[in-house]
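Participant: If you scroll down you'll find the structure; I have some questions about it.
The values are calculated or read from the model by the stated rules, or taken from the named source; none is laboratory data. Nothing here was measured: the structure is a model prediction, and the numbers come from that model. Every residue, glycine among them, receives a Cβ derived from its backbone with ideal geometry; neighbour counts consider all protein chains shown.
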C-alpha cells in the first residue's frame, strides 16, 4: 500500500468506526461475580468429570457445588445459577454513560433432576428467560428458596 494513503485510510476507518456509536467486544461467556460454569464439571456416565449423570448422587453434587439456590419440595429438582459476560458494548462517543461501556451480562441456570434413589438423572441448562417461561409448568410443584 502506498505510504501516503495509509494514514488517511486509517483515519477514515477510525472515524467510521466511531460514528457507529457502539463497538461490541465479545468476551465469549466468561464467568463473573464469583460464579463458575458448572457444566465443565458435569458429564455423561462415561466421562471422567467429577459429576456424572446416572452415577453421581445428590450428596456428591452438593459437596462439590454447595447447596442449590432453589429446590423442589421433594428434593428431586435443584437449581444452580451462574453469571456470564458475553461481551462489552464500548461506547466511544456516547456521553450518557460515565464508564463508556455497557457489559452484556447473562444469567444461566442448571436444573438438575434426581431419581427416587437421589441419583442425578438429568441436567438442563437454561437462560433466565427459559426459567421464567418454562419452569413453573415443567416443575408442576412449588419451589422453595434454599438460600
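Participant: Yes or no: region 69-77 includes at least one residue that is touching a strand residue (DSSP E or B) at 6+ places or on another chain (Cβ under 9 Å), outside any loop (DSSP other than H, G, I, E, B), surrounded by 13 or more Cβ atoms within 10 Å (Cβ to Cβ) and free of Cβ contacts under 8 Å to residues at least 60 places away in the same chain. Don't jump to the end; show me each part of the working.
Facilitator: Of region 69-77, the ones touching a strand residue (DSSP E or B) at 6+ places or on another chain (Cβ under 9 Å) are 69-73, 75-77.
Then keep just the ones that are outside any loop (DSSP other than H, G, I, E, B); that gives 70-72, 77.
Within this subset, residues satisfying the condition of being surrounded by 13 or more Cβ atoms within 10 Å (Cβ to Cβ) are 70-72, 77.
With free of Cβ contacts under 8 Å to residues at least 60 places away in the same chain added as a condition, the list becomes none.
No; the residues of region 69-77 include none that is touching a strand residue (DSSP E or B) at 6+ places or on another chain (Cβ under 9 Å), outside any loop (DSSP other than H, G, I, E, B), surrounded by 13 or more Cβ atoms within 10 Å (Cβ to Cβ) and free of Cβ contacts under 8 Å to residues at least 60 places away in the same chain.
Participant: Let me ask something else. Since residue 89 meets every condition but one in (1) more than 20 Å from residue 131 (Cα to Cα); (2) at pLDDT below 90; (3) surrounded by fewer than 14 Cβ atoms within 10 Å (Cβ to Cβ), which condition does it not meet?
Facilitator: Of the numbered conditions (1) more than 20 Å from residue 131 (Cα to Cα); (2) at pLDDT below 90; (3) surrounded by fewer than 14 Cβ atoms within 10 Å (Cβ to Cβ), the odd one out for residue 89 is (3).
Participant: While we're looking at this one, here's another question. Could you list all residues from region 42-61 that are surrounded by 14 or more Cβ atoms within 10 Å (Cβ to Cβ) and either part of a helix (DSSP H, G or I) or on the phi > 0 side of the Ramachandran plot (or both)?
Facilitator: Scanning region 42-61 gives 58, 60, 61.
Participant: For region 1-41, which positions are surrounded by fewer than 10 Cβ atoms within 10 Å (Cβ to Cβ) and part of a loop (DSSP other than H, G, I, E, B)?
Facilitator: Listed by number, the residues that qualify are 1, 2, 34.
Participant: Looking at 72, 36 in this structure, which one is under 28 Å from residue 132 (Cα atoms), over 21 Å from the mean Cα position of the chain (by Cα) and at pLDDT below 85?
Facilitator: Values: 36 fails: over 21 Å from the mean Cα position of the chain (by Cα).
Of 72, 36, the one residue that is under 28 Å from residue 132 (Cα atoms), over 21 Å from the mean Cα position of the chain (by Cα) and at pLDDT below 85 is 72.
Residue-by-condition table, conditions (1) within 25 Å of residue 50 (Cα to Cα); (2) in contact with a strand residue (DSSP E or B) (Cβ under 8 Å, 6 or more places away or on another chain); (3) in a strand (DSSP E or B); (4) at pLDDT 85 or above:
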{"site": "95", "(1), (2), (3), (4)": "no, no, no, no"}
{"site": "109", "(1), (2), (3), (4)": "yes, yes, yes, yes"}
{"site": "132", "(1), (2), (3), (4)": "no, no, no, no"}
{"site": "147", "(1), (2), (3), (4)": "yes, no, no, no"}
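Participant: Being without any contact (Cβ under 8 Å) to a residue 24 or more places away in the chain and closer than 16 Å to residue 125 by Cβ is the filter here; which residues of region 27-40 pass it? Before the answer, list the steps.
Facilitator: Keep residues of region 27-40 that are without any contact (Cβ under 8 Å) to a residue 24 or more places away in the chain, which gives 34, 40.
The answer is 40, and nothing else.
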